[in-house]
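Report on one structure; see the data block that follows.
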Amino acid sequence: MQTLKEHVRVAILRSAEKQFSENGFAHAAMRDIASGAGITVGNLYVYFDNKEAIFSAVVEEAADRLNQIILTDMIFEDDESTGKSIAAMAKALLQVFSEHDSHFIMLLCGSDGTLYQDIRKQLCAVAAGRLEKELHERTPNKPCDKEFCSALAAAAVEGILHIAQTPGLSPEKTDKLFTDFLNILFLNIHRRY
């Protein structure tokens, strides 16, 4: 039995991250990942069972954080102590992006064909639900339009991705754009609705 070497595993993950960032999961090739890591395709399968296992290893931390945002909303539906406002969700998403920028983008834009392929839709649905709940609580005499909330949530997720994918932005500029964008969308929305 071959002894697995940590430096080879790291080389595989670095190569895979490059391939997934450039091509997305669906178009990344195992032979290109192996070549970038300086190993054979056969040796690649000694370390990982398949391409999805490699993708999962690359994005694991960011995926866990995004899933935590989604699951927190589902598990603590009526608990006000969880900070479940749309602003709290936006802040949590920005934190995940600041810590895992390329993995965040891979998950939301390049995960078709993996178990993460619906994470973008799930985030939009959670954001729409939070927005709907906030508007209902703050404007109880006005019916809340689910489609309006869904459209605004999708716009927020798409806008965050657009900013995240803009090349050459400093972290400070990215943070300012995120903050300004989300403030324009959501700050005092109950007064504008």
Six or more apart or on different chains, Cβ under 7 Å: which pairs go from a residue in region 81-94 that's at pLDDT below 80 and assigned to a loop (DSSP other than H, G, I, E, B) to one that's surrounded by 16 or more Cβ atoms within 10 Å (Cβ to Cβ) and charged (D, E, K, R)? Could you list them?
LYS84/ASP73; LYS84/ARG130; SER85/ARG130; SER85/GLU134
Looking only at region 110-124, which residues are buried (at least 18 other Cβ atoms within 10 Å of the Cβ) and either assigned to a helix (DSSP H, G or I) or under 11 Å from the mean Cα position of the chain (by Cα) (or both)?
GLY110, SER111, TYR116, ILE119, ARG120, LEU123, CYS124
Hand me the list of helices (runs of 4 or more DSSP H) wholly inside region 127-193 holding 1 or more residues that are of a type in the set (S, T, N, Q) and surrounded by 16 or more Cβ atoms within 10 Å (Cβ to Cβ).
146-164, 171-186
Given the structure, is ALA34 over 18 Å from ILE105 (Cβ atoms), at pLDDT 95 or above and either touching a Phe, Trp or Tyr at 6+ places or on another chain (Cβ under 8 Å) or not assigned by TED's automatic domain parsing to the domain that holds HIS103 (or both)?
yes
Looking for something closer than 22 Å to GLU17 by Cβ and modelled with pLDDT under 90 - is there at least one such residue anywhere in region 109-132?
no
Could you run through region 19-45 and say how many residues are part of a helix (DSSP H, G or I) and either of a type in the set (Phe, Trp, Tyr) or crowded, with 17+ Cβ neighbours inside 10 Å (or both)?
10
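The values are calculated or read from the model by the stated rules, or taken from the named source; none is laboratory data. What you see is a predicted model, and the numbers here were worked out from it, not measured in a lab. So basically every Cβ, Gly included, is an ideal-geometry build from the backbone, and we count neighbours across all protein chains shown.
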